[in-house]
Structure formats: C-alpha cells, structure tokens
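Working notes, structure below.
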Amino acid sequence: MTAEIQDIFQFVLKQAPFSELPESAASYFSKHIQVVYLSKSNQQDWLQDSQPNLYLIRSGIIDLISAKDEVIGRMSEGDYFGYPSLLTGDAIQNHIEVQKDGLVYILKEHDFDFLRREYKPFEQYFVRAHANRLLASRYKQQSETWSERKISELMTKEAVTITPDASIRDAARLISEHRVSSIMITEHDRLVGVVTDRDLRNRVLAQDRDPCASLAEIMTKKPKHIFENNRVFSALHLMLKHNIHHLPVLNEAYKPLGMLTSTDLLRQQKSDPVQLIGRIYKAQNLLSIKNYAQEIPDLLRQFSYHIEDISLIGKLLSGLTDALTSRLIYLYQQQHGAAPCRFAWICFGSQAREEQTLHSDQDNGLLLPDNIDESAREYFAKLGAFVCEQLNECGIRSCPGNIMASNSECRGTVAQWSERFSRWILSPTPKAMLNCKIYFDMRFIDGASDLYAALSQSLANISKNELFYAAMATDINANSVPIGIFQQFKLEKDKGKHKYLDLKKRGVAIINDVVRLYALKAGVARANTLERLEALNKGALLAKSDINNLKDCWRFLTQLRLKTQINREGLPGNCINPESLSSLEKHQLKEAFYLVKQAQQASAFKFARGSL
Amino acid sequence: MEWLSRSLAKWRYKHLLFSQAELVVLDLELTGLDPKQHEIVSAGWLPIKNMRIEVKDAQHYLNKEVQSLEQSPVYHGIDSAQLASGYSLKTLLLALQQAIHGNVLVGHNVQMDWAFLKTAFQQFNLNVKPALMLDTMQIDKRRVLKQGYPLAQDALTLNACRMRYGLPLHQLHDALGDALATAELLLAQSQAICLGGKCKIADLT
C-alpha cells in the first residue's frame, strides 16, 4: 500500500492547478513524487534530457537559465519547471542555477501524462503556462529594441489640433469627439500650446471660467515637446523630469504629428533604469539620492543583458548622471536658498557625448551671466563644490584634470568661456588641442538654457582659421590605429604580461576626434558622435558611405568595449585581449580599425593638406 | 564467524557512495520512552535511492494491538478508533523486516527507535539486522560541536536541525511525515558535509 504523506499533500493542495482540481489529483501527485534536495553542487544533475520530469519547488530559490545564458526567471516555492519538454517532446534547452538550496518534488513523465489524461484543467494549466513563457520571451525579444524605436512608431493618437482663438467649449467638444485626453493648439501649423482634460477641470470648471472664453487663456504655452526622430528613451526622460503625461510630437518643421502619452510609453516597457531616473528626479534628500546611485552599477549590469544596442548604456548612464546633477542642484537651492541669478550647468567630454561608462569621471562647469557680481559668484562657488563632491560620493569620480564646476576656471560668464575657447582656437598648441577635444563636446544639463544658447552662438561666431583645423587634424593623426602593415594587431603590453588592445584610445576616441573635427567645420551643434554623423549627413563635407562606415565602426567598437567592461578580465579599463574574441569578431575588429585608419588619413589630407 | 561477515558488510557500506546506497528512513510513534514498558503505536518509513526520496514506496503502519495509549495521543494524535483500522504488530514488523534487514537504517535519534524495534523483533523471534545505522541527530550534534557552538536545549529537535539548513518548518504529523522530514534533513546534511564532492556513507557516520 502507498501511504499519503500529509505534509506533501497539504502543500500540493494549495498550489495551482491542484487547488482547482478534485483532491484526488493532489493525492495522486503526492503519492508519486520523488523528493530531492537541490544545491549549487548538484544543480547540473537535474533537468536532464534523458528523463523529462515535472519539477515543483518546495523550498529554496532557483534561477532558470536559457541556452543563451540569459536568466528566464527566478523561481521559488510553488513554481514549476521542466514542463515545456513534457508538453512538446522537444529537447530540454534550459538549465538551472540554484541560488538558495532547497527541496524539489519530481514527478516523472509517466505520472505527468496520467494527470494530463485524467484532469483536463491540469493539462490546460501547463499548456497556458508554456504559452505564457513563450510569449514572455518573444515580448522580451521585441522589447530588447524598444529604446531604439522612433517616437513616431509609438504614437497611437493622431494630432488633434485647434487654433488659439477657438473657445474652450470647442476644444472640449473636439477632445470628447476624438476620445483623446489632450489637444494641441496650433498657429500656422506650428505648435503654440497644449490643453489637457485635466486643464479643463482645474482651469475652467474649478475656476468658474466661461466656456465661451478663448482657449488661449487656459492653454499651457510653449509646452515641452519632442521630435519624431528622437528615441523613446528621450521621451521618457523628458516626461519624468518634468512630471508631464502628454508630450506633443513634432516633425523637423515644428508641425505637430501627434501626442505621445505616458500610457503609450508604459505599454512599451517598464524599464528599471528609466524608473530609477524618475526616482532620482523626485528624491527629497541627499541620502536617498546616494542610495539610488548605489543601485546604478547593478542595474546596468542587468539591463545590459536585455538590450541589443549596448551603446544605449552610455546614454543611460549620462541620463542618470544628468538626473543626479539636476537633483543635487535642486537640493542645494532648497537648503541654501535659490540661486541669486540665472545660471546654466553644463557638461563636457563623455557625459556630453552620452557615452559615459561606469569608469568615466566628471567633466562639468557652470555658465554664468555676464553681469554677475562677486557675492553671486561666491554662491556658485559653493554650489559647484557641493554638486561635484556629492557626485563623487555617488560614484562619478572627480576629474583628475580638474574640469569641474568646483574649479573657478570652470565657472565663467558667457564672455569668459568664449574667451577661453577663442584662445585655444587662435593659438592651437598641443595643450590647447587637448582642451578642444574635451570642451568642444559640450551639453546643457540644467538651469537657464538661453545662457547656453548664447554661449553656443558666441562659439559659432569665433572664426576658426585653417590653421586651427590643420592643428586638430595633425593631433588626431598623432594617434595610431593598432593595425600593422600585414593586417595584424599591434598589441600593447602592460607591466604584467598581458597583451592588449586599447579600444577606447585607439578606436572610439579616434572616431570621436575625426567626427568632432568635421562637426566643428560644418557648425553642427551636437555632442553625441552618432548625432553629429546624422547631422553631417545633410551636408557635403563627408561622403554618405563614409558616414555610414564610421557609424557602424563606432557602434561595433563601443559595443565591444562595453561588453568587456561588463565581463572584466583583469586588463586595464577599455582594453581587450584579441585572443578572447571569436574569429568573426577578430575579422570585424580588423575591418573596423582599417576604416578608422582611412577616416583618420582622409581628415589629415583634407584639413592638414597632407602636411604630415 | 557471523561478526566477521557483519563487520565486512559494515565496512563495505561505509565505503559506499551515498548516491549508490539504499537507505531506509524510519520513524516510530511510541506510547512512551521506555522500551521495556511502552509500545510502538505506528511506524512510517521510506527509501532513499540515488539521493532521491521515493515517496511512492512510503509505508505507514498503525499497530492495532496497542494495550494502553495512556497520555501519548497528546503527542502523536492517534486515538484508539484510528488504531482499530491498523495492523497486527507482527504484520508491521514483517513489513519492516523486509525493508531494513541488511540495509542502512536512518532515523532522527535512531537508537531510541532501534531499542524498541529490537525488543519487538525478539518478541516475535525475528532476526533483523540493519547493515548500518545513521542518526541525523548525531550528525548535527557533531557538526554543531565541531563549529565550537555550545548545544542549547532543543537545538537537536527535528525542526531545529532542519532550520539550520533552511528547510521549511515541518508540521509534526505522524510517523511517516516525520520519516520524510528526517529523510529531507539527511539529504541537506549530505550536501552540506560533502560540498558537492562524492559523499560516502562513512562521512555521515
């Protein structure tokens, strides 16, 4: 006789699908299982092809890992695994990693089939679970590229527009007719304002305003907006930063195309790193900011497994640094009073190019109005010191070159900054060239954007003579691509015996330098290398095929570089040992370096007249 | 020369890999703690083969010939009405004989159970000798003492030992439930002691 063990039976009875089945099903299950103890040391013994089983976790924590070594899911008490191959007869693809040792119940194929035959809901439960898992993985595949998608692909609502002289009632009617939650107000096809259903409640009903009044009275003027070609990530960032739920989408000519709502984005992906940015923007004190900052490295590591375009990590990290900076500035003003005059916080280098890594250090500065007085300068000296110090504590290291807002040289008025730049441009010494490489990659972070616009304008006006470009081209060509005449890698050696290739210094940085040179020449006011190339596409300075080649190279090298940063192997940062690459990767890497070399030489020919 | 062949068998078993041994995990419910005076109320046991607890081969016998339950139902919850549906003590012992004779017998404080069984087997003139006995309580006692911790009272109860390995709290039900809880404990102990290496029975004695 087979005896029933109460402990098992009571547990099984509580689990789906048995809770919905006659007790006899749980009883059958309880009498036919084997009980095993899973630990790290025997994890490889389970989920074997030779004996497909159903596994039910009684205790412990187990990760299910796919053949591609991605974590499919973390499982604990009451979770099943092993059923897909029981249902389909296909070979077992996944394996497990035990996180916390524990007990697992095993039901053999024969007994699983019996329950399947006898109890339809039992079969349905596992068929559905299997379908869900397939769906989840397909959803993951889709969402892997979510961030790369253009805004225009996500917009679900077409542009509903009205002119500002229309009445509030007209707008309300149009909103309800189109079943939307907001409306865009346009004049000559250009966006001038937005009204949401919430505005109708708060600004009209609650204030007893006459519905016949003009819409212009209640609309949000100069609303935040986004362009159709921007990425989803930027939209999320903007919405979280300003706490808005409706974002008008415009084309390049500022013509409204549609409205992007926070619901549209939520439907896309609940991405943790992006939510972290949102939490940082809402942090109420230093301690919570620091706590959030601590989550960054781990979060990034997880995130990097789930995205295809790994160069997005750079954007994400810069986004996080932007958020930290903004919030620190806000907190400082909360504690020490609002800034005495307008200012702009700007960043340089990798943060500006949005290619930050976990090892990047700070490069930032403060831009002040020309009429600033001494006491105001003192305020900003303290603000700069505070923000830089706190960023350092958040894991974004202080800049060894002291390019930081805590340094008085990096806190200047528009005139002072322009003066510094023109000095470098007019007397292009090697030291000046080094500065140009850092400072010409510049981006606005927080504060008064018109100050930043004024500086950009002023910089564009500084006439750059041939000598300057020639000096930059010469400087770029001083750095060599690590490819020998016979197409073999030229490796560097560190103090130990490691041989390596420096992907940043000898690859990505050269592309950045070449592209910066062309961008300066063409007057492109962007800092991100890919965006610069995109903008150069419109001019004739660089051939389209060259632009595409540079883009591909940049992506490839960046991807390789970030991948090695994530799987560190004891080499200096940004470096790889080519032996660790697959033969395809080696081949691609050589091709990439070859293209970089060509672009480098072409720039010398173009700007330095081949005077090298 | 029976002791010689017995000791040879014992030696062989000790050098057997845990994964290759056949073990029987047993628990008894009793009316008291004195084998001379008290009785076996029920017995539950199940085998471990290849480090898997075979629940389908679990056995549970109630002894319908218990003379006096006294206060013991407080502990095991078995009343005389339930007992009436049980088996004769001899049937119980014969089934158990088949399961444990020449095998490795495992129990939590197995010496106590064995004292009762020895008396009972003698009573029916049955010759039953397990090849080897493993005691999950002694295993934990040694482990705790080796780590230099003092032994608190109640530190060696079945649930206290299970907690040391993160096993779920076990509701004390009946002999068979306790046998399962003991078997699970032994699996956890073997993993902890041998850390993934091939565990020999000797490592657990």
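The values are calculated or read from the model by the stated rules, or taken from the named source; none is laboratory data. Predicted model, so just to flag it, every value in this text is computed and none were measured. Every residue, glycine among them, receives a Cβ derived from its backbone with ideal geometry; neighbour counts consider all protein chains shown.
Numbers for the structure displayed
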| quantity | calculated |
| --- | --- |
| Leading residue by the ranking (surrounded by the fewest Cβ atoms within 10 Å (Cβ to Cβ)) among those in the range A:104-120 that are of a type outside the set (A, V, I, L, M, F, W, C) and in a strand (DSSP E or B) | A:K108 |
| Some residue of the range B:155-162 being within 14 Å of another protein chain (Cβ to nearest Cβ), more than 19 Å from B:M51 (Cβ to Cβ) and hydrophobic (A, V, I, L, M, F, W, C) | yes |
| Subset tally (residues that are touching a residue at least 60 places away in the same chain (Cβ under 8 Å), over 26 Å from B:L156 (Cα atoms) and assigned to a helix (DSSP H, G or I)) for the range B:97-126 | 2 |
| Any chance B:A120 is away from chain A (no Cβ under 14 Å), buried (at least 18 other Cβ atoms within 10 Å of the Cβ) and under 20 Å from B:L30 (Cα atoms) | yes |
| Any hit, the range A:219-227, residues being crowded, with 19+ Cβ neighbours inside 10 Å and under 20 Å from A:L320 (Cα atoms) | yes |
| Residue that is surrounded by the most Cβ atoms within 10 Å (Cβ to Cβ) [pool: residues in the range A:57-90 that are within 37 Å of the chain's Cα centre (by Cα) and within 14 Å of another protein chain (Cβ to nearest Cβ)] | A:I62 |
| Number of the condition not met by B:D27 [criteria: (1) over 30 Å from B:K198 (Cα atoms); (2) touching a residue at least 60 places away in the same chain (Cβ under 8 Å); (3) surrounded by 22 or more Cβ atoms within 10 Å (Cβ to Cβ)] | (1) |
| Residues (at the interface with chain A (Cβ under 8 Å from one of its Cβ atoms) and of a type in the set (S, T, N, Q)) located in the range B:45-64 | B:Q59 |
| Residues being under 24 Å from B:K129 (Cβ atoms) and more than 14 Å from chain A (Cβ to nearest Cβ) - total across the range B:66-93 | 4 |
| Pair list, Cβ < 9 Å and 6+ apart or interchain, from the range B:167-183 residues that are within 15 Å of A:G102 (Cβ to Cβ) and more than 9 Å from chain A (Cβ to nearest Cβ) to residues that are outside any loop (DSSP other than H, G, I, E, B) and among the hydrophobic types (A, V, I, L, M, F, W, C) | B:L169/B:M163 |
| Failed criterion for A:I151 (all others in (1) in contact (Cβ under 8 Å) with a residue 24 or more places away in the chain; (2) in the same structural domain as A:L247 (by TED's automatic domain parsing) hold) | (2) |
| Exclusive hit being out of contact with any strand residue (DSSP E or B) (no Cβ under 6 Å at 6 or more places or on another chain) and either of a type in the set (G, A, S) or at positive phi (or both), set B:S68, B:S42 | B:S68 |
| Selection within the range A:535-564 - of a type outside the set (D, E, K, R) and under 21 Å from A:L316 (Cβ atoms) | A:W554, A:F556, A:L557, A:T558, A:Q559, A:L560, A:L562, A:T564 |
| The range A:1-50, residues that are buried (at least 19 other Cβ atoms within 10 Å of the Cβ) and within 8 Å of chain B (Cβ to nearest Cβ) | A:A3, A:I5, A:D7, A:I8, A:S30, A:H32, A:I33, A:Q34, A:V35, A:V36, A:Y37, A:S39 |
| Of all residues in the range A:178-216 being among the charged types (D, E, K, R) and part of a helix (DSSP H, G or I), the one that is surrounded by the most Cβ atoms within 10 Å (Cβ to Cβ) | A:D199 |
| Any hit, the range B:135-153, residues being of a type in the set (K, R), in a loop (DSSP other than H, G, I, E, B) and in contact (Cβ under 8 Å) with a residue 12 or more places away in the chain | no |
| Flag if B:H60 is modelled with pLDDT of 85 or more, buried (at least 16 other Cβ atoms within 10 Å of the Cβ) and not charged (D, E, K, R) | yes |
| Hits in the range A:91-110 (condition: more than 14 Å from every other protein chain (Cβ to nearest Cβ) and under 21 Å from A:V127 (Cβ atoms)) | A:A91, A:I92, A:Q93, A:N94, A:E109 |
